[in-house]
1. Which value in nm describes the separation of the simple spin-label points at B:N152 and B:D105, placed 7 Å from the Cα toward the beta carbon?
2. So what's the back-of-envelope 222 nm ellipticity for the protein assembly as shown, counting only DSSP H runs of four-plus at -39500 (n - 2.57) apiece and dividing by all residues, rounded to 500?
3. How crowded by other chains is B:183-193, given as the mean number of beta carbons from other chains within 10 Å of each beta carbon?
4. Rounded to whole Å and sorted largest first, list the principal axis extents of the Cα atoms in the range B:1-110.
5. With θ set to phi - 60°, apply the Karplus curve 6.51 cos²θ - 1.76 cosθ + 1.60 along the range B:103-117 and write out the HN-Hα couplings as whole Hz, x wherever there is a Gly or Pro.
6. Apply the Karplus curve 6.51 cos²θ - 1.76 cosθ + 1.60, θ = phi - 60°, to the phi angles in the range B:141-149 and return the couplings in whole Hz, x for Gly and Pro.
7. Roughly how big is the protein assembly as shown's charge dipole about its Cα centre, with Cβ charges of +1 (Lys, Arg) and -1 (Asp, Glu), in debye to the nearest 20?
8. Provide Rg over Rh for the protein assembly as shown; use the alpha carbon set for both Rg and the Kirkwood Rh (inverse mean inverse pair distance).
2 protein chains.
Amino acid sequence: MNALIVGSIGIDDIETPREKATGLLGGSATYASISCAVHAPTRIVSVVGDDFSADQRMLLEERGIDAEGLETAAGKTFRWGGRYLQNYDERETTFTELNVLRSFDPKVPESFRNSEYVLLGNTHPTVQLKVLDQLGGPELVVIDTMNYWINNEKQLLDEALGRSDIAVVNEEEVRLYSGRHEIPRATEAFLDLGLDAVIVKRGAYGASMRTRDGWFFLPGYPLSEVRDPTGAGDSFAGGFLGYLASEGSITESTLRRAVVHGSVLASFAVQGMGITGILGIAREDVMTRYREFLRFSQMETEVAKAAGEGAIA
Amino acid sequence: MNALIVGSIGIDDIETPREKATGLLGGSATYASISCAVHAPTRIVSVVGDDFSADQRMLLEERGIDAEGLETAAGKTFRWGGRYLQNYDERETTFTELNVLRSFDPKVPESFRNSEYVLLGNTHPTVQLKVLDQLGGPELVVIDTMNYWINNEKQLLDEALGRSDIAVVNEEEVRLYSGRHEIPRATEAFLDLGLDAVIVKRGAYGASMRTRDGWFFLPGYPLSEVRDPTGAGDSFAGGFLGYLASEGSITESTLRRAVVHGSVLASFAVQGMGITGILGIAREDVMTRYREFLRFSQMETEVAKAAGEGAIA
């Protein structure tokens, strides 16, 4: 199945406690589409300015991403700067220049309208809705958002959520959206909107998925070093959608496996500055890490058994 | 197999954002032994003052806990007060009166010296060491501690850790002990001491276990309401030890199942004020919740499959 990703493409300046880099290719659609393309044919709808280089476009196309929906508008590409504070636990935005994103009016190419698996990446809810309006009737719509839209465009966001199947959000967003602190209660607000599932990203603690039937929890990958957390959530969403598109069916089992694949991509993403963590990976790397995830979270699988049955204490 | 619990018994005053209670039976050994006794015959070594009532002692004995090692000393029972701040994310100690704990010189009754599964609950490392000195050669020693001993009695604590098999600590303690922020790196300090495993309690995020072979992660139980977090860690340790004692073998599989059983007891503990959350539970309640834990964390088990295979989106 084909996957369609909508979101931002930008140029990022990133500062971590250990290093600093400027002019990195970033944005939600960049991380998500590269991650998605590991699993399935991926299309992108986004906008860049006339300063966006052929090399940057090539970088996406080389990953097999269909960039027919990548519009070049007069003006400058979206730019964002972020700084991670001590221990990466907090991030502050150092600047945001919307540039061509400000007036983005998404046009879904004719050849993309039959897309069946869709990710509405974090962007203005109006953009998310306009894309939905142009699609023929996708099988699955996954939606991401952020605090800014919850605070400032709640009504439009509710409309976009109501037309989606699965929301991918973080704990802070779930709490802000619902006004409730405890995550089990807070997630109910999303199911009440008619969503089939809500996935709560929990950073180093992994991810949880709530469906109408119950919960699924997956831990974070135990990394000895995080290099740059930027794009982890977008990579999760892309890996999640891409896996489902490659399976072509949405069941409790495929959803659970998709959460693992989302976490696999997110774990690669944070190991490199910008997109470098996910750029070089092959399907084989992904499957190796997928099996690692099972080994350290499952009790009864073959991989868990392989972790050893001998007396250890 | 018999389980032996060493730790404090105290009278607690607890204040949460929603309620306030005084004069509650508490202490690490109380929570741990009640939790342990769900699974295995449990012995306790601790001290109380002459103000400790017959009813309070009865409460432990009614759970089948052998209180021959519960010394009554002249003076008052240990008292502790704690207040949970907004959302239960932080706790402040409102007062600590060590009373008879200050000069506690543990005496392990003759009939307890063959104990095979031992929990050195959070207390002065000297007490932990003195108990070990009186045991015949336990099969498994699990040790808990806290920031205060890491900061003030590092050398004695290291000795106690070095004579133990498994440490049960929280994230803050792992970081403080190791001086490292990232948990994967931080846990290495414990394995370097010769411990076979370190279990890191992560509050609402569950628990992780690191052995020489790798990791096991279990999420927290998704509670819609936490009533009183006091004793969650002690209940975890007690449930963990009790399950292992009931199995009588220490393998990767029994350890993983013991982490689930520790989490089961901790989840019951936080549902009631003081010990009320764990007082009334039967083995059947524990097994029901054990299966729930598997259903929301496992991919391939029968219980996970039972969560539904139909298309859901």
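1. Here the modelled spin labels are 2.1 nm apart.
2. On the way: 24 runs with 231 residues, N = 626.
Computed mean residue ellipticity for the protein assembly as shown: -10500 deg cm²/dmol.
3. On the way: counts 5, 6, 4, 1, 1, 1, 0, 0, 0, 0, 0.
Counting other chains' Cβ atoms within 10 Å and averaging over B:183-193 gives 2.
4. Largest first, the range B:1-110 extends 46, 33, 22 Å along its Cα principal axes.
5. Values, residue by residue: 10, 5, 10, x, 10, 7, x, 3, 5, 9, 5, 8, 4, 9, 10 Hz.
6. Once θ is set to phi - 60°, the couplings for the range B:141-149 become 10, 9, 10, 10, 7, 8, 3, 4, 6 Hz.
7. Values: 60 positive and 90 negative charges, 1 e Å.
Dipole magnitude for the protein assembly as shown comes out near 0 debye.
8. Working: Rg = 26.4 Å, Rh = 25.8 Å.
Rg/Rh for the protein assembly as shown comes to 1.02.
Bear in mind these aren't lab numbers, they're just calculated from the coordinates by the rules spelled out. None of these values were measured; they are calculated from a predicted model. Here the Cβ is made from the backbone with ideal geometry for all residues, glycine too, and neighbour counts use every protein chain on show.
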